[in-house]
1. Is it true that some residue in the stretch 50-59 is out of contact with any His (no Cβ under 8 Å at 6 or more places or on another chain), more than 24 Å from Thr93 (Cβ to Cβ) and free of Cβ contacts under 8 Å to residues at least 40 places away in the same chain?
2. Filter the stretch 2-25 down to the residues that are over 15 Å from the mean Cα position of the chain (by Cα) and not in a helix (DSSP H, G or I) and list them by number.
3. Exactly one of (1) modelled with pLDDT under 70; (2) outside any loop (DSSP other than H, G, I, E, B); (3) surrounded by 13 or more Cβ atoms within 10 Å (Cβ to Cβ) is unmet by Pro101. Its number?
4. Cβ-Cβ distance below 8 Å, separation of 6 or more or different chains: which pairs start in the stretch 65-87 with a residue that is farther than 20 Å from Glu7 by Cβ and end on one that is modelled with pLDDT of 85 or more and assigned to a helix (DSSP H, G or I)?
5. Residues of the stretch 54-68 being out of contact with any Ser or Thr (no Cβ under 7 Å at 6 or more places or on another chain) and surrounded by 11 or more Cβ atoms within 10 Å (Cβ to Cβ), which ones?
6. Tell me, which residue of the stretch 16-47 that is under 19 Å from Ala88 (Cβ atoms) and in contact (Cβ under 8 Å) with a residue 60 or more places away in the chain is surrounded by the fewest Cβ atoms within 10 Å (Cβ to Cβ)?
7. Going by the conditions given, is Gln41 among the polar types (S, T, N, Q), modelled with pLDDT of 85 or more and not in a loop (DSSP other than H, G, I, E, B)?
8. Inside the stretch 3-28, can you point out the residues that are within 21 Å of Ala57 (Cβ to Cβ) and in contact with an Asp or Glu (Cβ under 8 Å, 6 or more places away or on another chain)?
Amino acid sequence: MADKEIEDMVVALESCLNIWYIAQIDAARSMSAVEAEKRVQEAAGTVQYRRFESVAAAYQAACDAPLDAEGFGAPLVLVTGSFHTVAAVRELTQATDEFRPWQQHSS
């Protein structure tokens, strides 16, 4: 939401996250992904981030992220933002196994 103070959240989570996946949400009061990216960068200048045109694309990229040099990476995806953002990811994970990276399927 455009009226959210995201800077405090960024600072609070900065030490816990490797990368921010910033997505555009289609809601009347939503903040643009460009503005969110700018505010994340200003609040935590050294943080890595990627911007996406949809929550689905951002979530898929986060789930598909390779492990980093220390062997950490994709296993934990934290979804923050408005209820619209969290609901969109929840719908994705309930709609198809494609968005459930924690489940291993055998062929």
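The values are calculated or read from the model by the stated rules, or taken from the named source; none is laboratory data. What you see is a predicted model; the values in this text were computed from it and never measured. When we count neighbours, we look across all protein chains shown, and the Cβ atoms used for this are built from the backbone with ideal geometry, even at glycine.
1. Within the stretch 50-59 (the criterion being out of contact with any His (no Cβ under 8 Å at 6 or more places or on another chain), more than 24 Å from Thr93 (Cβ to Cβ) and free of Cβ contacts under 8 Å to residues at least 40 places away in the same chain), the answer is no, since none of the residues qualifies.
2. If the condition is that a residue be over 15 Å from the mean Cα position of the chain (by Cα) and not in a helix (DSSP H, G or I), then Ala2, Asp3, Lys4, Glu5 are the ones that fit.
3. All conditions are met except number (2).
4. Here the result reads Ala74/Ala62; Val77/Tyr59; Val77/Ala62, each pair linking the stretch 65-87 to a residue that is modelled with pLDDT of 85 or more and assigned to a helix (DSSP H, G or I).
5. Ser54, Ala56, Ala57, Ala58, Tyr59, Gln60, Ala61, Ala62, Cys63, Ala65, Asp68
6. Going through the qualifying residues, I end up with Ile25.
7. Against the criterion (among the polar types (S, T, N, Q), modelled with pLDDT of 85 or more and not in a loop (DSSP other than H, G, I, E, B)), Gln41 does not qualify.
8. Asn18, Ile22, Ala23, Gln24
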